[in-house]
Amino acid sequence: MSNKIFVDACFGKETPYTPVWMMRQAGRYLPEYMKVRAEAGNFLNLCHDPKKAAEVTLQPLDIVGVDAAILFSDILVIPDEMGMDLEFIKGEGPKFNDPITCEADIDRLIGGDEAASKLTYVFDTIKLLRTQLDERGDNKALIGFTGAPWTLATYMIEGQGTKTYNICKKMMYSNPKLLHKILAKVTEVVKLYMEKQIESGIDVVQIFDSWAAAIEPSKYDEFSWKYMVEISDYLKSKYPHIPIIMFPKGIPAFLDKVYGNFDVFGVDWSTPIALAKEKLGDKYVLQGNMEPTRLYSQEMTTEAVQDIQDVMGTSRHIFNLGHGILPDVPVANAIHFVKECQRVSKK
Ligand code: CP3
């Protein structure tokens, strides 16, 4: 038994209640976050400042009462350190001004350990958090994370968020070799980056495939899942004691085909958790999956928490939202969600 109930729950061990956290829990719905971000000047400066990044990582533990902290950073720091030029434009989101269009663009990217080693500010943040969490003595876990190679590649190829994914899907169907070359190069960096996160002190890994649903089900393994599994196989062979959470968003049609050596399957809000339990519950612990906008209503939140609890019972489950919390959610409602999860599952 570890002394962290979140880690125990990831491995399917008995816990006094079902632990809970929220994707994007360190963020704009918290006035305390907005204050620190203003002091840092902008979002990227905040990611680059280990002291401030550690501070906002811990805020949801004290303010909202979640059972795990998630490292404050962003998935896009990886392509940034591979040599792409990341900007966050106010009101628009992330932007790369030099998207990947051809083989020469890929060859110019920094790869492997050279790129992973440049993310020192992330490792420094983790080391600081490890000390701070150990000093607190409340045994809350620290989650490290990465984007899945496919989700990272969508930004590297499109240059920004997209509704249609037409540029990367054109590449998928007209030049799949080029897309695989990008995915393989990103996968190598991610493996070493996550290894360094583990060595710096994280307790759990989550791999976010936020844009999984952009791929048709028959192609999902080829262009995304197999790379996520390559990362989890690599980490599991070296660090079997570190749980791995896979979060592919919006792929109910792929549930029958899910495979791999990992511990927790993150269920998004569009997938009925009963369906995920039927297909995957024996093999993996499940995480999720309240519709995040239910957080606008405490009544709707209470209802969903009870419904999820009725399906999942009190084992092999971690409470979470089915995707990230939105910036205009009242903090009191986030606190209500966390309390309800801990209350209904108490043994
Ligand atoms: O609390 C946490 O979950 C930890 C921090 C975290 C952030 N981004 C901070 C952030 C995590 C885990 C991420 C992951 C991330 N980043 C994903 C995957 C998770 C998901 O929600 O699907 C994706 C797709 C990104 C890329 C990204 N970063 C986008 C599209 C945006 C702009 C849209 C938005 O939400 O503002 C960001 C910016 C970002 N990342 C913010 C935060 C707190 C907002 C920046 C700010 O204005 O302060």
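Every number in this text was worked out from the coordinates using simple rules, so none of it is lab data. No experiment lies behind these values; they were computed from the predicted model shown. FYI the Cβ positions are ideal-geometry reconstructions off the backbone, even for glycines, and counts take in every protein chain you see.
Where both partners of a DSSP beta bridge lie in the chain, what percent of those bridges are antiparallel, to the nearest 5?
DSSP beta bridges in the chain are roughly 20 percent antiparallel.
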Query raised in the report: Relative contact order for the stretch 261-304 using alpha-carbon pairs under 8 Å, separation at least 6, rounded to a whole percent?
Result: 40 percent
Query raised in the report: Using the alpha-carbon centroid of each, what span in Å lies between the stretch 37-78 and the stretch 196-224?
Result: 21 Å
Query raised in the report: Scaled to the compact-protein estimate 2.2 N^0.38 Å, what is the alpha-carbon radius of gyration of the chain, rounded to two decimal places?
Result: 0.94
Query raised in the report: Which of the lysines could be linked to Lys346 by a straight reach, that is with a Cα gap under 28 Å, when you skip same-chain ones fewer than 8 residues away?
Result: Lys4, Lys13, Lys140, Lys277, Lys279, Lys283
**Report entry** Selection from Val229, Met312, Phe247, by position along the positive dipole direction of the chain (Cβ)
**Finding:** Met312
Query - 14 Å beta-carbon shell around Met300, net charge (K/R +1, D/E -1) - result: -4
Requested in this report: Can you tell me the relative contact order of the chain? Whole percent, Cα pairs under 8 Å, sequence separation 6 or more.
Outcome: 23 percent
Query raised in the report: Using a Gaussian network model of the chain with C-alpha springs under 10 Å, which one of Lys219, Lys163, Lys13 is most mobile by mean-square fluctuation?
Result: Lys163
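How much length, in nm to one decimal, is gained on full extension between Phe43 and Asp282, taken as 0.36 nm per residue of separation minus their Cα-Cα distance? Working shown, then result.
Numbers: separation 239, 0.36 × 239 = 86.04 nm, distance 4.02 nm.
Going from the current span to full extension adds 82.0 nm.
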Query raised in the report: So what's the angle, to the nearest 10 degrees on a 0 to 90 scale, between helix 226-238 and the longest Cα principal axis of the chain?
Result: 70 degrees
Query - Unit charges on C-beta of K, R, D, E only; dipole of the chain, Debye - result: 300 debye
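Using the Cα atoms of the stretch 213-347 to build a convex hull, what is its mean projected area in square nanometres? Walk me through the numbers before you get to the answer.
Working: hull surface 35.3 nm².
Mean projected area for the stretch 213-347: 8.8 nm², to one decimal.
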Report task. Please determine, in degrees from 0 to 90 and to the nearest 10, the orientation of helix 50-63 with respect to the longest principal axis defined by the Cα atoms of the chain, where the helix direction is its Cα long axis. Result -> 30 degrees
